[in-house]
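Peer 1: A single structure is presented below for examination.
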Amino acid sequence: MKNLFKFGFLALAISLSVAACNSNKTEEAATDTIDSTAEVMTDSLEAQIDTVDSAAAAAVDSVKK
């Protein structure tokens, strides 16, 4: 769970720094950067949720036996 927050914060920090450093970008390009970062964060969150769900299912299965 800690890695989830680390990766999310890292992705947000990178996207903000890229947006701040490229002052020649148009609004559309900045929006594209933010959207792609949001996609990466969403994919990361979904992967972490899948990991937690599978660990929980394994724990329940081991208790049932």
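Peer 1: Can you compute 3J(HN,Hα) from phi for each residue in region 29-38, using the Karplus curve 6.51 cos²θ - 1.76 cosθ + 1.60 with θ = phi - 60°, rounded to whole Hz and x for Gly and Pro?
Peer 2: 5, 5, 5, 4, 4, 5, 5, 5, 5, 4
Peer 1: Going highest first, how would you order 47-53, 35-41 by mean Cβ packing within 10 Å? All intermediate terms of the calculation are to be shown ahead of the outcome.
Peer 2: Working: 47-53: 12.0, 35-41: 14.3.
Taking the mean over residues of other Cβ atoms within 10 Å, the ranking is 35-41, 47-53.
Peer 1: Each residue of region 47-55 in order: what ³J(HN,Hα) in whole Hz does its phi give by Karplus 6.51 cos²θ - 1.76 cosθ + 1.60, θ = phi - 60°, with x for Gly and Pro?
Peer 2: Per residue, the Karplus-derived 3J(HN,Hα) values read 5, 5, 5, 4, 5, 5, 4, 5, 5 Hz.
Every read-out reported here was derived from the displayed coordinates using simple, explicitly stated rules and does not represent laboratory data. A quick note: this is a predicted structure, and the numbers were derived from the prediction, not measured. Here Cβ is always computed from backbone atoms with ideal geometry, including for glycine, and neighbour counts include all displayed protein chains.
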